[in-house]
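Trainee: Following this message is one structure expressed as C-alpha cells.
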Amino acid sequence: MRQLAGNPFGKLKIAGIQFAADEIKLLAPCRPSKIVAIGLNYHSHAAELGYDLPRTPLIFLKPPSAVIGPVDCIVYPPLSAQVDFEGELGVVIGKKVRCIAPKDAAGCILGYTCFNDVTARDLQKEDGQWARAKGFDTFAAVGPIIETELDAGALKIETRLNGVVRQSGNTADLIFKVPELVSAVSQVMTLFPGDIIATGTPGGIGAMQPGDVVQVTIEGIGTLENTVRLAD
Ligand code: MG
C-alpha cells in the first residue's frame, strides 16, 4: 500500500512511501459532516416488514460521531437489547452541492463504499423517531475503501454474520436509485465533500451479539468487516 499526499476531494499524489498491509491501520475512508440514511429503499426489505412502498425517499440522520473504520469494533450499548446489522451501499459525496437534478447527480459523487447502518431495533420501536436507535457511537461502519470507478446500478450486496450469509440483495432492487436519492437529499440540505448517503438495506436484517463478526460485501468495492463487543 502506498501513502498518498493531499486528499481525495482535491488533488491526490502518490507520496512514494510504501507499507505492508499489516503495518498500517485502515481508518474510515472519509469524515462526513453528516450521514444521510434512507429508510425502506429495497423492495425486499419493504416486503419483509409488510410496509407499503414509500412515495418519496424517507431520510434520517446519523451523527458523524458514530463513524468507525473497517477494523474498529461495533460497541453494543447497555441501553439496548437488540442491535441489528443493516448492510448498505454508501454514496460518498465529492463536492458541495444543493438542489441538484437527478440527471446531474453523478457529477457530485466521489465514489461508493460499504456501510453498516447499525440499529438498536428496540429503541427504534420505543422512541418513534430514530436519533437514539441509529446514533450510538460506532453505529456507522464505513469502508474499506471508496471505489471511484463504479456503476452502482446493479451491484450484488451481501451481509454475513459469522460467515453465514444473512442478507443477499442487488442495488437493482432499490426503490429510489442513487441519482434520485442524491437529488432528493440535496433539495433539503447542502451536501459537503465526504458526506455519506446510506442507500437503505435489503431484506434479511437481523440481530448481532457481542463477539459476532459482521461483514458487508459489495461487488466491485470489497468487504467491510467489524467485530461486535460489549461496552467497557
Ligand atoms: Mg438502514
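Coordinate-derived values only; no laboratory data. All figures in this text were calculated on a predicted structure; none of them were measured in a lab. Cβ coordinates were reconstructed from backbone atoms using ideal geometry, including for glycine residues, and neighbour counts include every protein chain displayed.
Trainee: Pairs needed: first member in segment 103-125, more than 12 Å from Gly87 (Cβ to Cβ); second member anywhere, surrounded by fewer than 19 Cβ atoms within 10 Å (Cβ to Cβ) and among the basic types (Lys, Arg); C-beta distance under 6 Å; at least 6 residues apart or different chains.
Mentor: Cys108/Lys95; Leu123/Arg132
Trainee: Please specify each residue of segment 93-147 satisfying the condition of being part of a helix (DSSP H, G or I) and either hydrophobic (A, V, I, L, M, F, W, C) or in contact with a Gly (Cβ under 7 Å, 6 or more places away or on another chain) (or both).
Mentor: Residues of segment 93-147 that are part of a helix (DSSP H, G or I), as a first pass: 102-108, 121-127, 131-135.
Of everything in segment 93-147, those that are part of a helix (DSSP H, G or I) and either hydrophobic (A, V, I, L, M, F, W, C) or in contact with a Gly (Cβ under 7 Å, 6 or more places away or on another chain) (or both) turn out to be Ala105, Ala106, Cys108, Leu123, Ala131, Ala133.
Trainee: A further question on this structure: For segment 216-232, give me the residue count where each residue is closer than 17 Å to Thr171 by Cα, of a type outside the set (Val, Ile, Thr) and either free of Cβ contacts under 8 Å to residues at least 60 places away in the same chain or assigned to a loop (DSSP other than H, G, I, E, B) (or both).
Mentor: 2
Trainee: Does Arg229 satisfy the criteria of being within 16 Å of the ligand (Cβ to nearest atom), among the basic types (Lys, Arg) and over 14 Å from the mean Cα position of the chain (by Cα)? I'd like the intermediate steps shown before the answer.
Mentor: Values: within 16 Å of the ligand (Cβ to nearest atom): no; among the basic types (Lys, Arg): yes; over 14 Å from the mean Cα position of the chain (by Cα): yes.
In short, no.
Trainee: Looking only at segment 194-215, which residues are over 17 Å from Ala105 (Cβ atoms), of a type outside the set (Val, Ile, Thr) and assigned to a strand (DSSP E or B)?
Mentor: Residues satisfying the conditions are Gly206, Ala207, Met208, Gln215.
Trainee: Answer yes if at least one residue in segment 169-182 is on the phi < 0 side of the Ramachandran plot, assigned to a strand (DSSP E or B), within 16 Å of the ligand (Cβ to nearest atom) and surrounded by 15 or more Cβ atoms within 10 Å (Cβ to Cβ), and no otherwise. Don't jump to the end; show me each part of the working.
Mentor: In the first step, residues of segment 169-182 are kept if they are on the phi < 0 side of the Ramachandran plot; the result is 169-182.
Retained after the next criterion (residues that are assigned to a strand (DSSP E or B)): 169-170, 174.
Remaining after also requiring within 16 Å of the ligand (Cβ to nearest atom): 169, 174.
Restricting the remaining residues to those that are surrounded by 15 or more Cβ atoms within 10 Å (Cβ to Cβ) gives 169, 174.
Yes, there is a match, as at least one residue in segment 169-182 is on the phi < 0 side of the Ramachandran plot, assigned to a strand (DSSP E or B), within 16 Å of the ligand (Cβ to nearest atom) and surrounded by 15 or more Cβ atoms within 10 Å (Cβ to Cβ).
Trainee: Right, here's the next one. Which residues, counting only those in segment 83-104, are crowded, with 24+ Cβ neighbours inside 10 Å and either more than 16 Å from the ligand (Cβ to nearest atom) or small (Gly, Ala, Ser) (or both)? Walk me through it before giving the result.
Mentor: First, the residues of segment 83-104 that are crowded, with 24+ Cβ neighbours inside 10 Å: 83, 85-93.
Correct list: Gly87, Gly90, Val92, Ile93.
Trainee: Within segment 14-64, how many residues turn out to be within 13 Å of the ligand (Cβ to nearest atom) and either within 30 Å of Arg2 (Cα to Cα) or touching a Ser or Thr at 6+ places or on another chain (Cβ under 7 Å) (or both)?
Mentor: Qualifying residue count, segment 14-64: 5.
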